[in-house]
Amino acid sequence: FIVGNTVTMAMEYYDPRYDGINVGGVLETGMPRTYEDVLNIFEVVFAYIFILELIFKVIGLGGVINYMKETQNAFDAFVVLTSIQTLVTFHGGATDSLANTGINISTLRAFRLFRIIRIGRLLARFRRVRILLKTAF
């Protein structure tokens, strides 16, 4: 799921032909609206998958205290919490209220990049498994 999420995030782009065009009462933001909607659906799906992963792992390790003993788990929890923040902010309709607070919405979206860092951990695990398998055989 981490790789799929990374690929989906990398599919965003900016095309000035679509910036500020009014389509059906909605302003385009640099991508065709349908394309952007599909990417947003994937973002929500991946966020829920990561939330479920966190819940199952907390239960499996016997509680939050045991879960947070490992720094990798603490980082995963931070990533999931930022995903929840993204869901509430962008898919819960909070962007209008944030615009009045002076909070930079682009900064909040940048937190999604922390999900990509998880792929580095995944690759490190594969390296350790490969070494283990070479040793065993």
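The values are calculated or read from the model by the stated rules, or taken from the named source; none is laboratory data. Note that the structure is a prediction, hence the values are computed from the model and not measured. Cβ: placed from backbone, ideal geometry, glycine included. Neighbour counts: every protein chain shown. Areas reflect the complete protein model, heavy atoms only, side chains present, ligands, DNA and RNA absent. Shrake-Rupley method; radii C 1.70, N 1.55, O 1.52, S 1.80 Å.
Please state which of the following conditions residue 51 fails to meet, knowing it meets all the rest: (1) among the β-branched types (Val, Ile, Thr); (2) under 22 Å from residue 11 (Cα atoms); (3) at pLDDT 90 or above.
(2)
In region 70-86, what residues are buried (at least 16 other Cβ atoms within 10 Å of the Cβ) and among the hydroxyl-bearing types (Ser, Thr, Tyr)?
Passing the criteria: 82, 83, 86.
What pairs come up if the first residue lies in region 45-64 and is open to solvent by less than 40 Å² (accessible area, probe 1.4 Å), the second is assigned to a helix (DSSP H, G or I) and among the hydrophobic types (A, V, I, L, M, F, W, C), and their beta carbons are under 6 Å apart, counting only those six or more places apart or on different chains?
Once the first residue is open to solvent by less than 40 Å² (accessible area, probe 1.4 Å) and sits in region 45-64, its partners that are assigned to a helix (DSSP H, G or I) and among the hydrophobic types (A, V, I, L, M, F, W, C) give 47/87; 50/80; 51/80; 54/80; 58/64.
Inspect region 88-98 for any residue being at pLDDT 70 or above and open to solvent by less than 70 Å² (accessible area, probe 1.4 Å) and give the result as yes or no.
Yes - at least one qualifying residue is present in region 88-98.
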